[in-house]
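See structure below.
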Amino acid sequence: MADSSLAQAHGRFIRGSASKVRRVLDQIRGRTYRDALIMLEFMPYRSTGPITKVLRSAVANAENNLGLDPSSLVIKTATADMGPSMKRYRPRAQGRAFAIKKQTCHISIAVAPSDKSTTTMEESD
C-alpha cells in the first residue's frame, strides 16, 4: 500500500482520558468505515462522539483530497495519546485544597482503501 492513498485526521485536546478513548478505538481499528460508524452509534461510551467526528473528517479528507470512495475505506490506524492535563482545585476541610486533574487526549485516525477493492480495480483494467 502506498502512503499516497492514506488520509488522516486529528482531534486535539479532546476532554477525556486516553485510556477510555483507546477502549473504543481498539474496537473499530481494521473495520470498514460503514461498520465503524454503526458500532460507534450503538456503543454506550461518551468518547464515541469525538471519535465519530474525527473519523468523518478523515473520510472527508480521503474523499476530497484523494478522490477515494468512502464505501471502500478501512480504518488503518487509530490511536489516542495523552494531552495536557487541566489542573483545578477543590476546597476541602480545614482550609486545604485538593488537586483535580482533568485529562485531555489527542485522537488520530488514518483511513485507506481496502486491499480487496484495489486488487479488483487492477484486475478489471
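Tell me, yes or no, whether segment 62-71 has at least one residue that is at pLDDT below 95, of a type in the set (S, T, Y), out of contact with any helix residue (DSSP H, G or I) (no Cβ under 9 Å at 6 or more places or on another chain) and on the phi < 0 side of the Ramachandran plot.
no
Criterion first (in contact with a Cys (Cβ under 7 Å, 6 or more places away or on another chain) and at pLDDT 95 or above) does M82 satisfy it?
So M82 passes the test.
Having 1 or more residues that are charged (D, E, K, R) and over 19 Å from the mean Cα position of the chain (by Cα) is the bar; report the helices (runs of 4 or more DSSP H) wholly within segment 28-125 that clear it. I'd like the intermediate steps shown before the answer.
Working: elements: 33-42, 48-65, 115-124.
By residue number, 115-124.
The values are calculated or read from the model by the stated rules, or taken from the named source; none is laboratory data. Keep in mind that what you see is a predicted model, and the values were worked out from it rather than measured. Backbone-built Cβ (ideal geometry, glycine too); neighbour counts: all protein chains shown.
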